[in-house]
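**Q** To start, I am sharing the structure in question, which I have written as structure tokens.
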Amino acid sequence: MKTSIIDFLSFTWTPAELGQILDLAKMGASIKAIRKFDEPKYRDNVTREMLDTGAIDYRKAVIAKLQDTQFSIGEDARRFHEVKSSLLDHFGYNTMDALCRGEIDRFMNRLMNGLTNYDISWTYELCVGGFSGYPHSANIYADGKQAGKCAWGAKNHGCYISISGTGCAFLDFHAVHDMLHDLPGAKITRVDIAHDCLNGEYDVNTARNMAEEGQFVTRGRPASYCYIESGHMAKLADYTKASGKTETVKKRYGFVPDKGRSFYVGSRDAGKMLRVYEKGKQLQSEQHPDWVRWELELRSKDRVIPFATLIEPSKYLAGAYPALSFVNQYQQCAIATHKRNWFTSIDNAVKNGATQCGKLVNFMKNVMDLDDSKIIHLLTQHLDMTEIPDRLNTPAFQETQASKLITLSTLRRLSDGEPELSLAQ
């Protein structure tokens, strides 16, 4: 079994107190009453006249305000994002952002104490502006070299961390794995798994041959690809004149890919992309000139990336495509994709919905004289677009051509008088 490494990692999490507020928003909570807010509950030795924000425990502040606020559940019929905005405004966006900032500080402290295999000085430096939609951000440094990025904000549900290849080289991923289990709502958003062939035993030509043999095709449609080479233009040929002088064939040059070749399979839009490239030429390595890297980039689009990826990366790299079985011949683990997989359960879901709500919808349409769009609005306005029945949000280990063809237009067949909706056909 060959070893693989983690070359990039990003993840998010939501502070527990912020998570409670988001759960309230999902339940359509509205503020019913506010009891007297006792500031000493969340301040230590700070007077109102000389408020030192650095001395405030924002976690206690939010907990105190949660305890002093009475909520009415299910009475706010607005959409989730509108209810969330109203609740965050009540607790104070600055307060909630400061709560998230405290989580970033605690993570940096963990970096210094237990998450690294080496004696590394980790620091971070605030940036002007945010990052990736988060209102606040900072650069992370390892011994003065940039090694990642962090961002935070209550509007984006908490905290974000990314660690580049430079930083990943110092991490103890068993410790990182355990930490993610402790963080509330932790989710890996991207991980890059790399396998190095230092002597070029599996090179770019191997990857191209594997593609032609269909080894990058799973049970879904064939993956997209891209091939790139870079280098210099060299003289194609010389010839010797009758005078004995050597000259080059006029305007005839050949392409020499001495800067390296790259072969890409998949795409970032799909959340899974493999890069096979000549890293030895890229780095101009004298020790390993034939070095080829196979690197899989996984994103959390339509999939949940297991924390186990960090401690058993070769299994997940080998399971991404049949071609990669050489990385780990004994264990391959494919990561599930969460498609709206309606193949076996949508018929039952529609029947149950008709039984539970059919008479109400019939009353709203024929007695209240409401049009279809108004009925749909009244029944779904409190839901976020991602909230669907659990039975229709099941994992599919392989993306299939049929799963890509499922669209909302499929449901229009119900209005055409068909007694049942079956996608198995």
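**Q** Find the residue count for the stretch 281-311, including only residues that are in contact with a strand residue (DSSP E or B) (Cβ under 6 Å, 6 or more places away or on another chain), in a loop (DSSP other than H, G, I, E, B) and buried (at least 19 other Cβ atoms within 10 Å of the Cβ).
**A** Result for the stretch 281-311: 1.
Yes/no matrix, rows are residues, columns are (1) within 23 Å of GLY185 (Cβ to Cβ); (2) more than 17 Å from the chain's Cα centre (by Cα); (3) among the hydrophobic types (A, V, I, L, M, F, W, C):
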| position | (1), (2), (3) |
| --- | --- |
| GLN284 | no, yes, no |
| TRP291 | no, yes, yes |
| PRO306 | yes, no, no |
| ILE311 | yes, yes, yes |
| ALA318 | no, yes, yes |
| TYR321 | no, yes, no |
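**Q** Given the structure, is ARG221 open to solvent by 80 Å² or more (accessible area, probe 1.4 Å) and modelled with pLDDT of 85 or more?
**A** When the stated conditions are applied, ARG221 does not pass them.
**Q** List the helices (runs of 4 or more DSSP H) that sit entirely inside the stretch 54-137 and contain at least 2 residues that are open to solvent by 70 Å² or more (accessible area, probe 1.4 Å), among the polar types (S, T, N, Q) and free of Cβ contacts under 8 Å to residues at least 60 places away in the same chain.
**A** Details: elements: 58-67, 80-91, 93-112.
Helices (runs of 4 or more DSSP H) meeting the threshold: 93-112.
**Q** What is the number of the single condition among (1) modelled with pLDDT of 85 or more; (2) open to solvent by 60 Å² or more (accessible area, probe 1.4 Å) that ASP44 does not meet?
**A** (1)
**Q** What are the pairs, 6+ residues apart or on separate chains, where a residue within the stretch 243-271 that is more than 15 Å from GLY231 (Cα to Cα) has its Cβ under 7 Å from a residue that is at pLDDT 85 or above and loosely packed, with under 13 Cβ neighbours inside 10 Å?
**A** Qualifying pairs under 7 Å: TYR264/CYS226.
Per-residue answers, yes or no, for (1) modelled with pLDDT of 85 or more; (2) of a type outside the set (Phe, Trp, Tyr); (3) open to solvent by 60 Å² or more (accessible area, probe 1.4 Å); (4) in a loop (DSSP other than H, G, I, E, B):
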site: TYR330; (1), (2), (3), (4): no, no, yes, yes
site: THR344; (1), (2), (3), (4): no, yes, yes, yes
site: ASP347; (1), (2), (3), (4): no, yes, no, no
site: LEU360; (1), (2), (3), (4): yes, yes, yes, no
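**Q** If you go through the stretch 140-188 one residue at a time, how many are part of a strand (DSSP E or B) and open to solvent by less than 50 Å² (accessible area, probe 1.4 Å)? Can you show your working first?
**A** If we filter the stretch 140-188 for residues that are part of a strand (DSSP E or B), which is where we start, we get 140-142, 145-153, 158-163, 171, 187-188.
Remaining after also requiring open to solvent by less than 50 Å² (accessible area, probe 1.4 Å): 140-142, 147-153, 158-163, 171, 188.
So the answer is 18.
**Q** For residues that are surrounded by fewer than 21 Cβ atoms within 10 Å (Cβ to Cβ) and part of a loop (DSSP other than H, G, I, E, B), tally how many sit in the stretch 259-280.
**A** Residues in the stretch 259-280 being surrounded by fewer than 21 Cβ atoms within 10 Å (Cβ to Cβ) and part of a loop (DSSP other than H, G, I, E, B): 4 in total.
**Q** THR95 - would you say it is in contact with a strand residue (DSSP E or B) (Cβ under 7 Å, 6 or more places away or on another chain) and among the polar types (S, T, N, Q)?
**A** Criteria not met by THR95.
**Q** If you don't mind, another one. Of the numbered conditions (1) at pLDDT 85 or above; (2) more than 25 Å from LEU283 (Cα to Cα), ARG252 fails exactly one; give the number of that condition.
**A** (1)
**Q** Out of the stretch 189-205, which residues are touching a residue at least 12 places away in the same chain (Cβ under 8 Å) and either part of a helix (DSSP H, G or I) or aliphatic (A, V, I, L, M) (or both)?
**A** Passing the criteria: VAL191, ILE193, ALA194, LEU198, VAL204.
**Q** Out of the stretch 111-158, which residues are more than 22 Å from the chain's Cα centre (by Cα) and either of a type in the set (D, E, K, R) or farther than 23 Å from ILE311 by Cβ (or both)?
**A** ASP119, SER121, THR123, TYR124, GLU125, LEU126, CYS127, VAL128, TYR141, ASP143, GLY144, LYS145
**Q** Here's another thing I want to ask about it. Would you confirm whether any residue within the stretch 154-175 is in contact with a strand residue (DSSP E or B) (Cβ under 7 Å, 6 or more places away or on another chain) and at positive phi?
**A** There is at least one residue in the stretch 154-175 that is in contact with a strand residue (DSSP E or B) (Cβ under 7 Å, 6 or more places away or on another chain) and at positive phi.
**Q** Can you name the residue in the stretch 9-21 that is under 17 Å from TYR58 (Cα atoms) and open to solvent by 10 Å² or more (accessible area, probe 1.4 Å) and, of all such residues, is modelled with the highest pLDDT?
**A** Taking the candidates together, the pick is THR14.
The values are calculated or read from the model by the stated rules, or taken from the named source; none is laboratory data. Everything numeric in this text was worked out from a predicted model, so none of it was measured. Counting neighbours? That spans all protein chains shown, and the Cβs are built from the backbone with ideal geometry, glycine included. For accessibility, only protein heavy atoms count, side chains too; no ligands or nucleic acids. Shrake-Rupley method; radii C 1.70, N 1.55, O 1.52, S 1.80 Å.
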